[in-house]
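Novice: My questions will all concern the structure given below.
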């Protein structure tokens, strides 16, 4: 079972992100946009997991979250990885309790290492993925991403809703031809 640990987003953030996606679609870039219902902040991607390991994963995540208060966050800034001039991943940024959020991600990572999950090699950059630029098919030319880059530059300081992240979820991801289907298997409340 394909799984990850995430902060689920409240509806006001999903609605705000949906508005940004609607503004970016007319740029003509070939982007696979994320369905707003699927927006989340990945704290730890687990990959393929034996369903029998679920209880141990839940225990580790509960231990990592114990005693941590809810996080005050805000949707803020829109950009792309690796950069706006060569966008591959379009994202919505977060502001607010970023250091405690990074600490939570590190605690979850540390709690899962004894279960055989490798530590992430990249630095933690909290963001919500809005879309992924598709690679052109062999022999075809991709549409220009210049209009997308210009639109993202205009959204670099966009300010969205402030919200409280009060829980972490163990998520199951089922890949389908029309996109992933996410299911929350267990929710851990930050208190």
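Any read-out appearing in this document is the output of simple, stated calculations on the displayed coordinates, not a laboratory observation. In this text the structure is predicted, and so the values were computed from the model without any measurement. When we count neighbours, we look across all protein chains shown, and the Cβ atoms used for this are built from the backbone with ideal geometry, even at glycine.
Novice: Using only the alpha-carbon atoms, how far is helix 11-24 inclined from the longest principal axis of the chain? Give it as 0 to 90 degrees, nearest 10.
Specialist: Tilt of helix 11-24: around 20 degrees.
Novice: At a Förster radius of 30 Å, what calculated FRET efficiency corresponds to the Cβ-Cβ distance of residue 178 and residue 63, to the nearest 0.05?
Specialist: 0.25
Novice: Suppose R0 equals 35 Å; then what is the FRET efficiency for residue 37 and residue 122 from their Cβ-Cβ distance, rounded to the nearest 0.05?
Specialist: 0.85
Novice: Please give the contour-minus-distance gain from residue 1 to residue 85: 0.36 nm per residue of separation, less the Cα-Cα distance, rounded to one decimal in nm. The partial results should precede the final answer.
Specialist: Working: separation 84, 0.36 × 84 = 30.24 nm, distance 3.59 nm.
That pair, residue 1 and residue 85, stretches by 26.6 nm at full extension.
Novice: Same structure, new question: Could I have the simple spin-label model distance between residue 189 and residue 11, label points 7 Å from Cα toward Cβ, reported in nm to one decimal?
Specialist: Rounded to a tenth, the inter-label distance reads 2.0 nm.
Novice: Using only Cα atoms, find the angle between the long axis of helix 98-112 and the longest principal axis of the chain, and express it within 0 to 90 degrees, rounded to the nearest 10.
Specialist: Result, in degrees: 60.
Novice: Taking 30 Å as R0, compute the FRET efficiency from the Cβ-Cβ separation of residue 48 and residue 159 and round it to 0.05.
Specialist: 0.20
Novice: Report, in deg cm²/dmol and to the nearest 500, the calculated mean residue ellipticity at 222 nm for the chain, where each DSSP H run with n ≥ 4 adds -39500 (n - 2.57) and the sum is divided by the residue count.
Specialist: -8000 deg cm²/dmol
Novice: Treating the angle as unsigned and between 0 and 90°, give the value, to the nearest 10°, between the Cα long axis of helix 54-65 and the longest Cα principal axis of the chain.
Specialist: Result, in degrees: 90.
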